[in-house]
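Below is one structure, written out as structure tokens; the observations come after it.
The values are calculated or read from the model by the stated rules, or taken from the named source; none is laboratory data. Everything numeric here is computed off the predicted structure, so don't read it as measured data. A quick note on method: Cβ atoms are made from the backbone with ideal geometry, for glycine too, and the neighbour counts reach across all protein chains shown. Keep in mind that these areas ignore ligands, DNA and RNA; they rest on the heavy atoms of the full protein, side chains included. Shrake-Rupley method; radii C 1.70, N 1.55, O 1.52, S 1.80 Å.
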Amino acid sequence: MTSERYNARDAEPRWQRQWDDKAIFASKNDDPRPKYYVLEMFPYPSGRIHIGHVRNYTLGDVLARFMRAKGFNVLHPMGWDAFGLPAENAAIERKVAPKAWTYDNIAAMKKQLRSIGLSLDWSREFATCDPSYYKHQQKMFLDMLRAGLAEREKRKLNWDPVDMTVLANEQVIDGRGWRSGAVVEQREMSQWVFKITKYAQELLDALDGLDRWPDKVRLMQRNWIGRSEGLLLRFALDPATTPAGETELKIFTTRPDTLFGAKFMAIAADHPLAQAAAAKNPKLAAFIADIKKIGTAQEIIDTAEKQGFDTGIKAVHPFDPSWKLPVYVANFVLMEYGTGAIFGCPAHDQRDLDFVNKYKLGNIPVVCPEGQDPKTFVITDTAFDGDGRMINSRFLDGMTIEQAKEDVAKRLESEKRGNAPVGERQVNFRLRDWGISRQRYWGCPIPVIHCPKCDVVPVPDDQLPVVLPEDVTFDKPGNALDHHPTWKHVTCPKCGGKAQRETDTMDTFVDSSWYFARFTDPWNEKAPTTLPLVNRMLPIDQYIGGVEHAILHLLYSRFFTRAMKATGHIGMDEPFAGMFTQGMVVHETYQKADGTYVTPAEVKVELIGGERRASMIYGGEQVSIGPIEKMSKSKKNTVDPDDIIASYGADVARWFMLSDSPPDRDVIWSDERVQGASRFMQRLWRLVNESAEIAKSAPADQPASFSAEALALRKAAHGALDKVSTGIERLHFNVCLAHIREFANALAEILAKDGKPSADTAWAVREAATILVQLFAPMMPHLAEECWVVLGQSGLISEANWPQIERDLLVEDTVTLVVQVNGKKRGDVTVPRVAQNAEIEAAVLALDAVKLALGGKAVRKVIVVPMRIVNVVG
Ligand code: ANZ
Ligand code: ZN
């Protein structure tokens, strides 16, 4: 028996070196075994690993190690999502080159990742900023251009005149740039877009087949794609009221059934009719300028107070020439959706209702819910958007909503104005084409040349990659590629005249839309992928990442895979067969009396009189314990993985990450529980050492029979093996850990007995200890290697096969009993093994077959023969 403690600090680097030296986690492209591809979303090289990364990579690592032990050819690679703005900011603030900053960070983070003991195939590592990677991305861009999947499009964009850059909607706050504070202008600019809308219907339909994705992620994607069926409707305008004699206004509606409830029309601030009216009306122009200040972020628009301006223009109701509707410019109508114009039906749309209540336009309910009296049904503050029957709607009265929609569509489709129908059925998608141009230096250059004579000319394949210049300066705002003295000045590949390179670079989401495919053959210098390899290794069996990427990254990757298929770089549509979104790591917050936050490392928490109290370690000042929140720098409630690994070891950090909470929920970081994990690690170490001592006296061959005690231990071992195996497959890691703890207790009980164990018990102890170590090996791989040596096993446990389950040792949780009525078999019943007779009787008497056989006769007696038969006597 050993009294020595397990020393993680000594053992962990030792095993990491061994794994490395033997390259046991490198997967080979000619490996004939069935494949398993597990991938965690690759990190941005910010400089340091944070605790969320530790959780993410540990989850994937458990699966990778398990599947490897199960005999699969596991692909578990790692790389770096290395382009992006922070590198440029570092260049501005600290005067380091973006490239140097990025690769330094990669080196530092790689060292940290290694210290976690992840079973990664580092031979496939790349960074997306390596020209050897983005060269292929440029090639695929050109392929997509030729295939009509990349196009140039004029778009209105938010332009920050101080930072000289385009801003995303979310970066416009109160009409000002989030960094510069400058008033943002709307500029029409030519952009490169990927034609993701061509796949809108397909991307939507294929979600149904992704049955190993979380429902919530599929729903988020569905909503983002946003398919609506509706009617495109041309309202006539009274030309006497329009600025330049305009005669019609096109709107899109999903509720043509509510036309008789219309109270007003509304158009977007950018709508041509609004612009024309504003040109003649300074007050309207001022109103438009004012409402455009809030930007076009959906969230802000949804929450902003509804505002409108009556243009004086009148629209004519399509079913009643004498019915005129006022046309407003309104802040809640977007130019980017439908036609940028609506008719408002306040009784059945909350936004419209808020609007009419503010401007006192009134409302007419046209759908009456079942059970309400149409005569008394009124709408005041809450619009009714449920089901019901049509009222106040002339020829539609009495119809259901669906019937009314159909009726209106039919009538307006067949009615002509000029030679076009007044109404047309239309399917609309919220999804927009993906604008990929960024006015940024640190990104993948878009490989085209602008020639005054030939227009846009693709860079010839043999001139790829278009490499980013390194001698750039960041002393001026704007894109450093633009300021470079020579880089953009080139000769046109077509006519040989003077031309300019495109200086926009690609959105970094492009880089992450195909990296998973590149991992299958990162050595191919000629092409982005090697078809037989990428087609064999994809789709990814299990992809793991944060829910914050549930929409854009996954949708872009799904699109890009289809684009790669269309251009011959892959043979499938869907890249991720299984998707898992992990929860966050959260922590208490601590605040001093003056409100400043302090870090957990500075605080000591004690139990005083049954209450948790916190104080500063140095100085002893009392601090208050605040709510549990997502770890963030501003709240200072972060823990540094390096500190944890230095004081407890990687295995403890890994074990803690997996215990307590299901992986898709948030896990609360707690020092107390980390210490608990550390104590459990030492306990396992003692158990294995004690078992090894007993195992010395065990016979080499399996004994012919086992005592009750030995059999019970064997059942515990194989039961745990069974449950942990299925638990890992389902990613129920916290449940697995509970089974491992329970099984360790069963082993400890046997070890605690006095006297020398019999031969069969010694054999069972050896078997149990071996299985135990294998079960926790995916979670605590370093400790497991050390224990493997103690048990006298040869080779590395990281290379060992998963133990075989002996199924006949598995205790069933249920039993199936034969059911007889008056001695004749009528069926069977399955009940919990521990069920009492009353429970069994109730289950049996509820069976249809039994009721039928009794034919209404009263039950005289029910006889239960335990584990075998139930006889009902009638
Ligand atoms: C009349 C109506 C009556 C509407 C009613 C709704 C309820 P989804 O489902 O998202 O496609 N709409 C159309 N274009 C718009 C735009 N550019 N900006 C803001 N709103 C717009 O939404 C379709 C509905 O959103 C359309 O149906 C239209 O209002 C509005 F009881 O038309 B509806
Ligand atoms: Zn030219």
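Working only within the range 18-48, note down all residues that are among the acidic types (Asp, Glu), open to solvent by 30 Å² or more (accessible area, probe 1.4 Å) and within 18 Å of MET109 (Cα to Cα). If the condition is that a residue be among the acidic types (Asp, Glu), open to solvent by 30 Å² or more (accessible area, probe 1.4 Å) and within 18 Å of MET109 (Cα to Cα), then ASP20 is the only one that fits. So which of LYS360, LYS416, LYS314 is touching a residue at least 40 places away in the same chain (Cβ under 8 Å) and either open to solvent by less than 20 Å² (accessible area, probe 1.4 Å) or not aromatic (Phe, Trp, Tyr) (or both)? Of the residues listed, the single one that is touching a residue at least 40 places away in the same chain (Cβ under 8 Å) and either open to solvent by less than 20 Å² (accessible area, probe 1.4 Å) or not aromatic (Phe, Trp, Tyr) (or both) is LYS314. From the list ARG654, ARG673, the lone residue that is part of a helix (DSSP H, G or I) and touching a Pro at 6+ places or on another chain (Cβ under 9 Å) is ARG654. For the range 164-182, does any single residue satisfy the condition of being polar (S, T, N, Q) and open to solvent by 50 Å² or more (accessible area, probe 1.4 Å)? Yes, some residue in the range 164-182 is polar (S, T, N, Q) and open to solvent by 50 Å² or more (accessible area, probe 1.4 Å).
The set of residues in the range 765-791 that are open to solvent by 10 Å² or more (accessible area, probe 1.4 Å) and not β-branched (Val, Ile, Thr) comprises ARG766, GLU767, GLN774, ALA777, GLU786, TRP788, LEU791. Filter the range 686-709 for residues that are under 23 Å from TRP788 (Cβ atoms) and open to solvent by less than 40 Å² (accessible area, probe 1.4 Å) and give the result. Hits for the range 686-709 are LEU687, VAL688, ASN689, SER691, ALA692, ILE694, ALA695, ALA698. Checked against the criteria, GLN463 counts as within 16 Å of ligand 2 (Cβ to nearest atom), within 40 Å of the chain's Cα centre (by Cα) and either modelled with pLDDT of 95 or more or not small (Gly, Ala, Ser) (or both). Evaluated against (1) touching a strand residue (DSSP E or B) at 6+ places or on another chain (Cβ under 9 Å); (2) open to solvent by 10 Å² or more (accessible area, probe 1.4 Å); (3) acidic (Asp, Glu), ASP121 falls short on exactly one condition, (2).
Just one residue in the set ASN428, ASN419, ASN392 is more than 16 Å from ligand 2 (Cβ to nearest atom), farther than 30 Å from SER132 by Cα, within 40 Å of the chain's Cα centre (by Cα) and polar (S, T, N, Q); that residue is ASN428. For the range 338-389, taking the residues that are among the aromatic types (Phe, Trp, Tyr) and closer than 26 Å to GLY308 by Cα, the one that is farthest from ligand 2 (Cβ to nearest atom) is identified as PHE384. Number of residues in the range 535-555 that are open to solvent by 30 Å² or more (accessible area, probe 1.4 Å) and among the hydroxyl-bearing types (Ser, Thr, Tyr): the value is 0.
When each of LYS498, LYS488, LYS526 is tested for being open to solvent by 20 Å² or more (accessible area, probe 1.4 Å), touching a Ser or Thr at 6+ places or on another chain (Cβ under 7 Å), without any contact (Cβ under 8 Å) to a residue 24 or more places away in the chain and away from ligand 1 (no atom under 16 Å from the Cβ), the lone residue that passes is LYS488. Filtered by the rule that a residue be touching a helix residue (DSSP H, G or I) at 6+ places or on another chain (Cβ under 7 Å), assigned to a loop (DSSP other than H, G, I, E, B) and of a type in the set (A, V, I, L, M, F, W, C), the range 499-526 gives TRP514, PHE519.
Would you check if there is a residue in the range 575-591 being in a loop (DSSP other than H, G, I, E, B), under 26 Å from TYR36 (Cα atoms), at pLDDT 95 or above and not β-branched (Val, Ile, Thr)? Yes, the range 575-591 contains a residue that is in a loop (DSSP other than H, G, I, E, B), under 26 Å from TYR36 (Cα atoms), at pLDDT 95 or above and not β-branched (Val, Ile, Thr). Residues of the range 60-118 being open to solvent by 20 Å² or more (accessible area, probe 1.4 Å) and hydroxyl-bearing (Ser, Thr, Tyr), which ones? Matches in the range 60-118: TYR103, SER115. Residues in the range 811-858 that are part of a strand (DSSP E or B), open to solvent by 60 Å² or more (accessible area, probe 1.4 Å) and under 15 Å from ASN871 (Cα atoms): 6 in all. Note on the range 466-478: among residues that are free of Cβ contacts under 8 Å to residues at least 24 places away in the same chain and open to solvent by 50 Å² or more (accessible area, probe 1.4 Å), the one that is farthest from ligand 2 (Cβ to nearest atom) is ASP475.
Taking residues in the range 252-263 that are within 15 Å of GLY388 (Cα to Cα), and partners anywhere that are open to solvent by 10 Å² or more (accessible area, probe 1.4 Å) and within 16 Å of ligand 2 (Cβ to nearest atom), not one pair has Cβ atoms closer than 6 Å while being at least 6 places apart or on different chains.
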